[in-house]
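Report on one structure; see the data block that follows.
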Amino acid sequence: MKRPFDFWYIFEAILDLLPYLVSTFMMLILSILGGTILGSILAWTKIRRRPLATGFADFYIYIIRACPPIVLLFLVFYGLPEILLRGFGIDTNHFSQLFFVVITFSLLFSATMAEVIRSAVAAIDKGQREAALSIGLSDMQAFIRIILPQATIIALPNFANSLIVLLKEGALAYTIGFIDVMGKGILMIGNQYGAHALEIYIALGLLYWSITIFLEQVFQKMEMKFAPDKVYRVEKRSEKERRKHEF
Amino acid sequence: MLEIKNIHKRFGNTEVLKGVDLNVEKGDVVVILGPSGSGKTTLLRSINFLERADQGSMVFGDKKYSFQKASKKEILEVRKKTAFVFQNYNLFQNKTALENVTEGLVIGRNIPKKKAYEKAVEILTKVGLSDRYDFYPSQLSGGQQQRVGIARAIAVEPEVILFDEPTSALDPELIGEVLQVMKQLAKEGTTMIVVTHEITFAQEVASKVIFMDEGRIIECGTADQVIKHPKEERTKQFLRRITNDMEYAI
Ligand SMILES: Nc1ncnc2c1ncn2[C@@H]1O[C@H](COP(=O)(O)OP(=O)(O)OP(=O)(O)O)[C@@H](O)[C@H]1O
Ligand SMILES: [Mg+2]
């Protein structure tokens, strides 16, 4: 059934695929939310350094990181319904694939985010927290008003990287029948018995490529906007000071 | 006003404070001298509960606090009666000079924003930074940063201000402007506990000088007694060393 390569079909395919970006983004956004919340809890556990809780967090992160995304996806897809049914009597038969995809990628993203958040918070000199406490702020107020805004800026580049990795790993979601751009592409290939497979993969590549460039641009703009006064100049100045001391 | 009794603190196996007593009256400027590692910073941090001491108590105003057992509420209470000026300023890097000062007022003391703003302007003017309100710490010199640090501390009207080597991270030509502000505060009757190696400052403004070594107070008295006529051999040695250093630097 192989047909000759049809250049114009690439554009047709892109048009057919575009509406399915909604599912792709829905999955991404929900996974980012879930992963960031879970990752924050993990990071917080590690920052507090309670041995037992930290050990548990490290173990969890290790397990997730060492698991190939596709394996984790199927573990969740087949395993979670069993757990929910036997443990809680919840029948997942009518649950959409989106549910399992979001759970999987939230777990994956949380392990990355735990480290991104932990290291960003650790990068803020603890003296600032102490200064906040010394003028009568509570621990919580010191964190939210002083540490968090600075840590967020520091975390931005790593967050952007993790996000792009997530976008690409997300392309695996079709394997459990989730229909996002990737899923739709695979369906289109199947419907035509493999004809135009190359054109469709090129279309998919172009789409993922554009999204990545777009995201990178957005984050670069954000970093530029937030960095100059608050983070970047500190480093530049201390470098100047260092040089001054050398002479 | 502030009476510290028998404070002990250990880090692991080393006892850093071995039973220190300290009495501070309202309006006192207590200068603490002592070699590196003698426990001066630890003492100040313990008073402010940035470090949890293992033993001892303090009477602050009309309340007694146990260093070891103080509750969260009591700690907050003590912190509202004190303020800390740090060796390396510890300014909030995400806030302007002005916001650094208003933070403790608006968030720590629930003072309305507008009033806090007016007060911060007044205090920053007092420390000579009337043209630097909107600057971020990274845009200020060390001396300016430390003056913001002092402004942040006095804004909350603490009963005692704790200074931990406020000028030792500064280039020599910037030390004067910070000491100037501190002298002004002393003149106004602000109660201060100051860890410093600035002997001249101690001689000019200290109502009490304390020499610490190895976690103990070795000698205590007026500036004249401790600096001009030290009795203890260790005090003499220390003073000889830092005055030599000063001459060497010149
Ligand atoms: N968080 C800590 N953990 C372990 N040891 C500590 C800690 N903080 C201080 N120490 C130790 O306690 C001792 C006293 O330290 P401290 O900072 O109070 O001395 P200091 O008199 O302020 O010295 P300096 O003049 O150098 O600032 C030092 O030996 C130091 O190594
Ligand atoms: Mg010290």
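Worth a mention:
- Residues being in contact with a Ser or Thr (Cβ under 7 Å, 6 or more places away or on another chain) and either among the small types (Gly, Ala, Ser) or surrounded by fewer than 18 Cβ atoms within 10 Å (Cβ to Cβ) (or both) - total across the stretch B:175-184: 0
- Residues in the stretch B:31-44 that are surrounded by fewer than 20 Cβ atoms within 10 Å (Cβ to Cβ) and more than 9 Å from ligand 2 (Cβ to nearest atom): 1 in all.
- For the stretch B:176-250, the strands (runs of 3 or more DSSP E) that sit wholly inside it and include 2 or more residues that are aliphatic (A, V, I, L, M) and in contact with a helix residue (DSSP H, G or I) (Cβ under 9 Å, 6 or more places away or on another chain) are B:192-195, B:208-213.
- Qualifying residue in the stretch B:38-54 (condition: away from every other protein chain (no Cβ under 14 Å) and in a strand (DSSP E or B)): no
- Only one of the listed residues (B:Asp54, B:Asp62, B:Asp21, B:Asp28) is open to solvent by less than 40 Å² (accessible area, probe 1.4 Å) and away from ligand 2 (no atom under 16 Å from the Cβ). That residue is B:Asp28.
Every residue, every condition in (1) β-branched (Val, Ile, Thr); (2) within 14 Å of chain B (Cβ to nearest Cβ); (3) in contact with a Phe, Trp or Tyr (Cβ under 6 Å, 6 or more places away or on another chain), yes or no:
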position: A:Arg86; (1), (2), (3): no, no, no
position: A:Ile90; (1), (2), (3): yes, no, no
position: A:Leu98; (1), (2), (3): no, no, no
position: A:Ser110; (1), (2), (3): no, no, no
position: A:Met113; (1), (2), (3): no, no, no
position: A:Ala122; (1), (2), (3): no, no, no
position: A:Lys126; (1), (2), (3): no, yes, no
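- Hey, A:Phe219 more than 26 Å from A:Leu72 (Cα to Cα) and open to solvent by 40 Å² or more (accessible area, probe 1.4 Å) or not: no
- Taken over the stretch B:8-18, residues that are more than 16 Å from ligand 2 (Cβ to nearest atom), open to solvent by 40 Å² or more (accessible area, probe 1.4 Å) and part of a strand (DSSP E or B) amount to 3.
- Search result, residues across the stretch A:133-186 that are in a helix (DSSP H, G or I), open to solvent by 40 Å² or more (accessible area, probe 1.4 Å) and hydrophobic (A, V, I, L, M, F, W, C): A:Met140, A:Phe143, A:Ile144, A:Leu148, A:Ile154, A:Phe159, A:Val165, A:Leu172, A:Ile186
- Every test in (1) closer than 22 Å to B:Ser38 by Cα; (2) among the aliphatic types (A, V, I, L, M); (3) modelled with pLDDT under 95 is passed by B:Ile250 save one, and that test is (1).
- Residue in the stretch B:75-89 that is in contact with a strand residue (DSSP E or B) (Cβ under 9 Å, 6 or more places away or on another chain), among the basic types (Lys, Arg), open to solvent by less than 40 Å² (accessible area, probe 1.4 Å) and away from ligand 2 (no atom under 16 Å from the Cβ) present: yes
- Within the stretch B:71-82, residues that are within 9 Å of chain A (Cβ to nearest Cβ) and within 10 Å of A:Ser138 (Cα to Cα) reach no partner that is open to solvent by 30 Å² or more (accessible area, probe 1.4 Å) and at pLDDT below 90 with beta carbons closer than 8 Å at six or more positions or on different chains.
- Qualifying residue in the stretch B:108-118 (condition: in a loop (DSSP other than H, G, I, E, B), among the charged types (D, E, K, R) and at pLDDT below 95): yes
- Neighbours by Cβ (under 6 Å, 6+ apart or cross-chain): first from the stretch B:193-206, open to solvent by 10 Å² or more (accessible area, probe 1.4 Å); second within 16 Å of ligand 2 (Cβ to nearest atom) and not polar (S, T, N, Q): B:His197/B:Ile242; B:Ala206/B:Val31
- Of residues in the stretch B:142-174 being within 10 Å of chain A (Cβ to nearest Cβ) and over 16 Å from B:Leu185 (Cβ atoms), the one surrounded by the most Cβ atoms within 10 Å (Cβ to Cβ): B:Gly142
- Here A:Met113 does not fit the description of being open to solvent by 20 Å² or more (accessible area, probe 1.4 Å), within 16 Å of A:Ile47 (Cβ to Cβ) and part of a helix (DSSP H, G or I).
- Flag for B:Lys187 being open to solvent by 10 Å² or more (accessible area, probe 1.4 Å), under 29 Å from B:Lys115 (Cα atoms) and under 15 Å from the mean Cα position of the chain (by Cα): no
The values are calculated or read from the model by the stated rules, or taken from the named source; none is laboratory data. Not measured: the values here are computed from a predicted model. So basically every Cβ, Gly included, is an ideal-geometry build from the backbone, and we count neighbours across all protein chains shown. These accessible areas exclude ligands, DNA and RNA; they are computed on the full protein's heavy atoms, side chains included. Shrake-Rupley method; radii C 1.70, N 1.55, O 1.52, S 1.80 Å.
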